[in-house]
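Trainee: Quick one: structure below, then a few questions.
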Amino acid sequence: MANRDNPDFLSEGTLKGSKVINKAGEDIGKIEKLMIDLIDGRIAYAVLSFGGILDRRDKLFAIPWQALKSEMHDHVFILDIPREALEKAEGFDKDNLSLTREELSGVYTYYGHQPYWQNIMAEQTELLGETEPERMILMRRAAGKKYPDFLPSDTIKGEKVVSIAGEDIGKIEELVIDLQAGRVAYAVLSFDEFPGMSGKFFAIPWQALQVKFQEHAFLLNVPKYTLEKAEGFDKDHWPVTTYDWLSKVYSYYEYEPYWQTPRL
């Protein structure tokens, strides 16, 4: 299983509750949740609670992932935001974690970070000339939908997975996070409905999953014969995640590794 011995990748369950300190080493809070961008699996923002010297435990706060630096040998994250900015920051209620993309843009601006989707759009537009990037089209369409742009990572875990034919085939067991890229490296799925696949877990690229809100499920865009021949791993013996290993996983499912695309 991905753990703190491997600082590049950690499971969502391991990250949740991680202590957050400031640059002076003072304890200021902890990570409560990660909000995942459903379009591409990025960490849209981390949800933090601030206790310690800030003592703002009545609210939660959306923080850009870029503002957090992992120091896994000390089991902490360093938050590079001035105390004055945190003391004046507008928090939100614990029962209302989901922000719109427009609201999140304001959060990024407040903390002095450019929203990641604006960076992506600018770079892809430069690469592709006048052609509107596919990601921009998806975001524009999503803006007109009634469904959220982002979901908490811990609510994605446990969600039902259906096949292209609409059959229930398994569920999402865990999300493994690429700390530097700030995104889901892969989802861990179980396929107990398939003969011979019970008792094993399978690493699946996020790009192969599409949320289906009305069905309360994720559609897995992988042919059944590909899944049946996939190499899984034992539930109690997770592989050590490296980019070389993950590249083979992506290649098997015929998805391009996210770190090889124009923008991480």
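The values are calculated or read from the model by the stated rules, or taken from the named source; none is laboratory data. The structure presented is a predicted model; accordingly, all values stated were derived computationally and were not measured. All Cβ positions, even for glycine, are placed from backbone atoms using ideal geometry, and neighbour counts span all protein chains on display.
Trainee: Is it fair to say residue 167 is of a type in the set (Asp, Glu) and modelled with pLDDT under 95? Steps first, please.
Mentor: Values: of a type in the set (Asp, Glu): yes; modelled with pLDDT under 95: yes.
For residue 167, the condition - of a type in the set (Asp, Glu) and modelled with pLDDT under 95 - is met.
Trainee: Consider residue 28 carefully, then state whether it is part of a loop (DSSP other than H, G, I, E, B), of a type in the set (A, V, I, L, M, F, W, C) and modelled with pLDDT of 90 or more.
Mentor: Values: part of a loop (DSSP other than H, G, I, E, B): no; of a type in the set (A, V, I, L, M, F, W, C): yes; modelled with pLDDT of 90 or more: yes.
It is false that residue 28 is part of a loop (DSSP other than H, G, I, E, B), of a type in the set (A, V, I, L, M, F, W, C) and modelled with pLDDT of 90 or more.
Trainee: Kindly indicate which of 189, 175 is crowded, with 21+ Cβ neighbours inside 10 Å, part of a strand (DSSP E or B) and free of Cβ contacts under 8 Å to residues at least 40 places away in the same chain.
Mentor: Going through 189, 175 in turn, the sole match is 189.
Trainee: Please verify whether the stretch 57-68 includes one or more residues that are under 14 Å from the mean Cα position of the chain (by Cα) and surrounded by fewer than 19 Cβ atoms within 10 Å (Cβ to Cβ).
Mentor: The answer is yes; a qualifying residue exists.
Trainee: Just checking, does the stretch 66-78 include any residue being modelled with pLDDT of 90 or more and outside any strand (DSSP E or B)?
Mentor: yes
Trainee: Given the residues 29, 41, which is the only one that is of a type outside the set (A, V, I, L, M, F, W, C), under 29 Å from residue 240 (Cβ atoms) and buried (at least 18 other Cβ atoms within 10 Å of the Cβ)? Write out each step before concluding.
Mentor: Values: 29 fails: under 29 Å from residue 240 (Cβ atoms).
Matching residue, one of 29, 41: 41.
Trainee: Please find, among 227, 219, the residue that is within 23 Å of residue 11 (Cα to Cα) and in a strand (DSSP E or B).
Mentor: Within the list 227, 219, the selection yields 219.
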